[in-house]
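Any read-out appearing in this document is the output of simple, stated calculations on the displayed coordinates, not a laboratory observation. Please read all numbers here as calculations on a predicted model, not as lab measurements. Neighbour counts run over all protein chains shown; Cβ positions are idealised from the backbone, glycine included.
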Amino acid sequence: MRISVIGCGYLGAVHAACMAELGHDVIGIDIDEHKIAQLAAGRAPFFEPGLPEVLERGMASGRLRFTTDISEASGSAVHFVAVGTPQIPGSDAADLRYVDASFSALLEHLSDGDLVVGKSTVPVGTAARLAELVENTGASLAWNPEFLREGFAVGDTLTPDRLVYGVRAGDDAAVAALDEVYAAAIAAGTPRLVTDYATAELVKVAANAFLATKISFINAMAEVAEATGADVTQLADAIGHDARIGRRFLNAGVGFGGGCLPKDIRGFMARADELGVGESLSFLRDVDAINLRRRERVVQLAIEELGGDVEGKRIAVLGLAFKPDSDDVRDSPALDIAARLRGLGALVSVTDPEAIETSRRVHPELNYVGSAEEAAADADAVLLLTEWRQFRELDPEAFGAGVGSRVIIDGRNVLDATRWRAAGWTYRGLGRP
Ligand code: NAD
């Protein structure tokens, strides 16, 4: 199929490359000239495992191209819209300006029978509003929310765990077109749900609200554990054996971040308020607050371990990305904590295997170094804030040789406390004695 993908960020670039991998003929379109120049040269503009390889294969096959010219969308049968929907500064609501701009630019290049497919995460009601505009051109609209996880984006796009098509009632042509796009996944038995627009839009934010709630639940238990001397990691293991609860997403730590969960739960609350059902989601206010309190808790632990004041103290921060295997620092707890400590006068040396450049753009004031050992040289305390494998596997003895003082705050509860203590470290986890 001829496919256009409008918006080539973390979602769209992966989607475009994976659609070509599946055999489709793809044109990726973005307004960011720098990003398009990189993609057109076959380079991934951000770190995502496996993306360079699918990009390279797509470019070599001649089935994958990139442009800033929206008119090149014409001739495609299916147009995916994957532009950003960030939080409006000073508000909880989602900023739809990129969605609106991309739709109005696309409209004039649509032909009768084309299918426009929204992938961006949008407030419920957006698709119904945009459908009218699209239908005036003789094209139709579907909303097909995306569930990929950064770090696993290529695999999640090629073999998704489910497909959701939000379509106008009775739009069998839209369903058939999407089935053709996703023929490989459907042949492999991927569950596929056909819904109305509102349900498809809600599926995405409901899924993120649930995941955020699960993380904040265990972080709330960590707060109680801290008040009682209990160990939240054992608690999570024990309750996680209950199949109704499950162990995944029950890792207490510095909390969630990234370009999706925080802004999606806030956007969901804002939309619910507009719809007069704000009370139904009022619990998400607590989910958000618990999450943000964990960052402050780490700052307080550092102050405590450094004798009541971090000013002038050397602090090493390991990890900046919001999660491992990504360079994404949007709303990253790790970067936020590093910046707060710097704001309190600490001398903060930070490192991350992939997220140094993305972090430097937001917080140039931090001292960026290339390795955990460099960051920790003469440090008064070390903070592990993103659980990259190379940090989880640090040897407490060898790593301890270069530090000023053997104090570690494990913001992800991923280190073996017994082993680190045996090597002479003061070990502090979150929600652990
Ligand atoms: P991003 O900021 O990485 O990418 C958005 C891209 O859209 C940018 O490259 C930007 O230049 C481009 N863009 C903006 N206006 C445009 C226009 N008028 N025409 C063409 N391109 C335009 O964001 P992202 O993380 O890829 O997220 C995109 C959407 O997907 C969001 O709604 C997000 O919530 C959703 N989503 C993201 C993920 C994820 O893991 N990143 C997962 C699921 C859903």
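So what are the ³J(HN,Hα) numbers for segment 416-431, from phi and the Karplus equation (6.51, -1.76, 1.60; θ = phi - 60°), rounded to whole Hz, Gly and Pro as x?
Those phi angles translate into 7, 4, 4, 5, 5, 5, 4, 8, x, 8, 7, 9, 10, x, 10, x Hz.
What angle, in degrees between 0 and 90 and rounded to the nearest 10, separates the Cα long axis of helix 172-181 from the longest principal axis of the Cα atoms of the chain?
The angle comes out near 60 degrees.
Suppose every K and R has +1 on its Cβ and every D and E has -1 on its Cβ; what is the size of the dipole of the chain about the Cα centre, in Debye to the nearest 20? Can you show the working numbers first?
Details: 42 positive and 63 negative charges, 166 e Å.
Once rounded to the nearest 20, the dipole reads 800 debye.
Could you sort the peptides 421-430, 336-345 by per-residue average Cβ neighbour count (10 Å cutoff), highest mean leading? All intermediate terms of the calculation are to be shown ahead of the outcome.
Values: 421-430: 17.8, 336-345: 19.9.
Top of the packing list down: 336-345, 421-430.
Please compute P(r) over all alpha-carbon pairs of segment 133-280, binned at 5 Å starting from zero, and give each bin as a whole-number percent.
2, 8, 13, 15, 16, 16, 13, 8, 4, 3, 2, 1, 0
Tell me, what is the percent relative contact order of segment 2-195, built from C-alpha pairs under 8 Å that lie six or more residues apart? Present the calculation step by step, with values, prior to reporting the outcome.
Values: 362 pairs, mean separation 37.3, N = 194.
Averaging sequence separation for qualifying contacts and normalising by length gives 19 percent for segment 2-195.
Can you give me the Rg/Rh ratio for segment 265-358, using Cα atoms for both radii and the Kirkwood formula for Rh?
Values: Rg = 16.6 Å, Rh = 15.0 Å.
Result: Rg/Rh = 1.11.
Treating only the Cβ of Lys, Arg, Asp and Glu as charged (+1, +1, -1, -1), what charge dipole size does segment 2-195 show about its Cα centre? Round to the nearest 20 debye. Present the calculation step by step, with values, prior to reporting the outcome.
Numbers: 13 positive and 26 negative charges, 55 e Å.
Once rounded to the nearest 20, the dipole reads 260 debye.
Would you calculate, for the chain, the mean residue ellipticity at 222 nm contributed by helices, counting each DSSP H stretch of 4 or more residues as -39,500 (n - 2.57) and dividing by all residues, to the nearest 500?
It lands at -13000 deg cm²/dmol.
Tell me, what ³J(HN,Hα) does each residue in segment 18-30 have, in order and in whole Hz, if you take phi through Karplus 6.51 cos²θ - 1.76 cosθ + 1.60 with θ = phi - 60° and put x for Gly and Pro?
Per-residue couplings from phi come out as 6, 5, 5, 4, 7, x, 7, 9, 10, 10, x, 10, 8 Hz.
Can you give the relative contact order of the chain as a percent, counting alpha carbon pairs under 8 Å and 6+ residues apart?
Value for the chain: 12 percent.
Once the dipole of the chain is set up with Lys and Arg at +1 and Asp and Glu at -1 on Cβ about the Cα centre, which of Pro333, Ala82, Leu415 lies farthest towards its positive end?
Leu415
Toward the positive end of the charge dipole of segment 201-433, about the Cα centre and with charges on Cβ (Lys, Arg +1; Asp, Glu -1), which of Val362, Ala243, Ala220 goes farthest?
Result: Ala243, furthest along the dipole toward the positive end.
Filter the GluC sites (Glu not before Pro) in segment 1-108 to those in DSSP coil with at most 16 other Cβ atoms within 10 Å of their Cβ, and list the result. Please report the intermediate quantities before stating the final value.
Numbers: sites: Glu21, Glu33, Glu53, Glu56, Glu72, Glu108; in loops: Glu108.
When the GluC sites (Glu not before Pro) of segment 1-108 are filtered for loop state and at most 16 Cβ neighbours within 10 Å, Glu108 remain.
Just to be sure I understand the curve: with the Debye formula and one point per C-alpha of the chain, what is log10 I(q)/I(0) at q = 0.07, 0.10, 0.14 Å⁻¹?
Computed log10 I(q)/I(0) values: -0.38, -0.75, -1.27.
What do you get for the angle between helix 197-228 and the principal long axis of the chain? Use alpha-carbon atoms, 0 to 90 degrees, nearest ten.
10
Given the C-alpha atoms of segment 201-433, compute the convex hull and give its volume per residue in Å³.
On the way: hull volume 30.7 nm³, N = 233.
So the per-residue Cα hull volume is 132 Å³.
Using a cut-off of 12 Å between beta-carbons, work out the net charge of the residues near Asp331 (Lys and Arg +1, Asp and Glu -1, Asp331 not included). All intermediate terms of the calculation are to be shown ahead of the outcome.
Numbers: positive: Lys263, Arg266, Arg295, Lys323, Arg330; negative: Asp264, Asp288, Asp328, Asp336.
Once all neighbours under 12 Å are counted, the net charge is +1.
If one takes the longest principal axis of the Cα atoms in the chain, at what angle in degrees, from 0 to 90 and to the nearest 10, does the Cα axis of helix 261-274 lie?
So the helix axis and the longest Cα principal axis differ by about 60 degrees.
Among the listed pairs Lys214/Lys313; Lys214/Lys263; Lys263/Lys313, which have their C-alpha atoms separated by more than 28 angstrom in this model?
Result: Lys214/Lys313; Lys263/Lys313 exceed 28 Å.
Could you pull out the chymotrypsin sites (Phe, Trp or Tyr not before Pro) across segment 150-190 that fall in loop regions by DSSP (anything but H, G, I, E, B) with no more than 14 other Cβ atoms inside 10 Å? Mind dumping the intermediate values first?
Values: sites: Phe152, Tyr165, Tyr182; in loops: Phe152, Tyr182.
Qualifying residues, ordered by number: Phe152.
Taking each pair of distinct Cα atoms in segment 369-423 once, what is the resulting Kirkwood hydrodynamic radius in Å?
Working: mean 1/r = 0.0890 Å⁻¹.
Evaluated over segment 369-423, this radius sits at 11.2 Å.
Top mean-square fluctuation among Ala355, Ala209, Ala230, Gaussian network model of the chain, C-alpha springs under 10 Å?
Most flexible of the set in this elastic network: Ala230.
With 32 Å as the cut-off, how large is the P(r) tail for segment 2-195, expressed as percent of Cα-Cα pairs? Numbers along the way, then the final one.
Details: 1547 of 18721 pairs.
Everything past 32 Å amounts to 8 percent.
Can you list the HN-Hα couplings for segment 324-337, worked out from phi with the Karplus curve (6.51, -1.76, 1.60; θ = phi - 60°), rounded to whole Hz and with x for Gly and Pro?
Taking θ as phi minus 60°, the curve returns x, 6, 8, 10, 7, 10, 4, 6, 7, x, 4, 5, 4, 5 Hz for segment 324-337.
Between the alpha-carbon centers of segment 47-69 and segment 195-270, tell me the distance in whole angstrom.
Value for the Cα centre distance between the two parts: 34 Å.
Restricting to DSSP loop positions (anything but H, G, I, E, B) with no more than 15 other Cβ atoms inside 10 Å of their own Cβ, which GluC sites (Glu not before Pro) remain in segment 314-393?
Listed in order of number, the matching sites are Glu365, Glu393.
So for segment 61-156, Kirkwood radius off the Cα pairs, Stokes-Einstein at 25 °C and 0.890 mPa s: how many µm² s⁻¹? If you can, show how the numbers build up before the last one.
Details: Rh = 14.6 Å.
Approximately 168 µm²/s, per Stokes-Einstein.
Under 15 Å from the Cβ of Val194, count the other residues' Cβ atoms, weight Lys and Arg +1, Asp and Glu -1, and hand me the total.
Values: positive: Arg162, Arg168, Arg192; negative: Asp171, Asp172, Asp179, Glu180, Asp196, Glu201.
That works out to -3.
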